[in-house]
Amino acid sequence: MIASLELDMVPMPLITYALALISLLFAGPLLALAASKPVPGEVVLVIGPGSAQRQALIAAAGGRVLGPAEARFGVLALSEEDGFAASLLAQGAWFVVDGRRVAFLCGVET
């Protein structure tokens, strides 16, 4: 019983506190991004598997990829279709969020 009391009183390592703080710092922007709904006719961020698959599902949903560069799991896309976001999800995208919100978080005005 004495040994278990001693173990319970050992403080958490500093790295645990640091990781908790880092998680809290990133939680706000990630929650803001996840909660942003795509606006029809505006830029969206498409998060999904592989570059070629993302490009194919964007084309199948009636949209086009914007810009020459893309991230490992996401790309900005645009379409005038009203159901573009729903179609992207049906085609296999993991997430579709408002691209304007992403630009704002990155410091870019649209």
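The values are calculated or read from the model by the stated rules, or taken from the named source; none is laboratory data. Every value quoted in this text rests on a predicted model; they were computed, and no experiment measured them. Please note: Cβ atoms are built from the backbone with ideal geometry, for glycine as well, and neighbour counts cover all protein chains shown.
This table checks each residue for (1) surrounded by 20 or more Cβ atoms within 10 Å (Cβ to Cβ); (2) in a loop (DSSP other than H, G, I, E, B); (3) charged (D, E, K, R).
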{"residue": "VAL39", "(1), (2), (3)": "no, yes, no"}
{"residue": "ALA52", "(1), (2), (3)": "no, no, no"}
{"residue": "GLN55", "(1), (2), (3)": "no, no, no"}
{"residue": "LEU89", "(1), (2), (3)": "no, no, no"}
{"residue": "VAL97", "(1), (2), (3)": "yes, no, no"}
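From the list VAL10, VAL102, which one is modelled with pLDDT under 80 and loosely packed, with under 10 Cβ neighbours inside 10 Å?
VAL10
Name the residue that is farthest from the chain's Cα centre (by Cα), counting only residues in segment 60-85 that are assigned to a helix (DSSP H, G or I) and surrounded by 14 or more Cβ atoms within 10 Å (Cβ to Cβ).
Taking the candidates together, the pick is PHE84.
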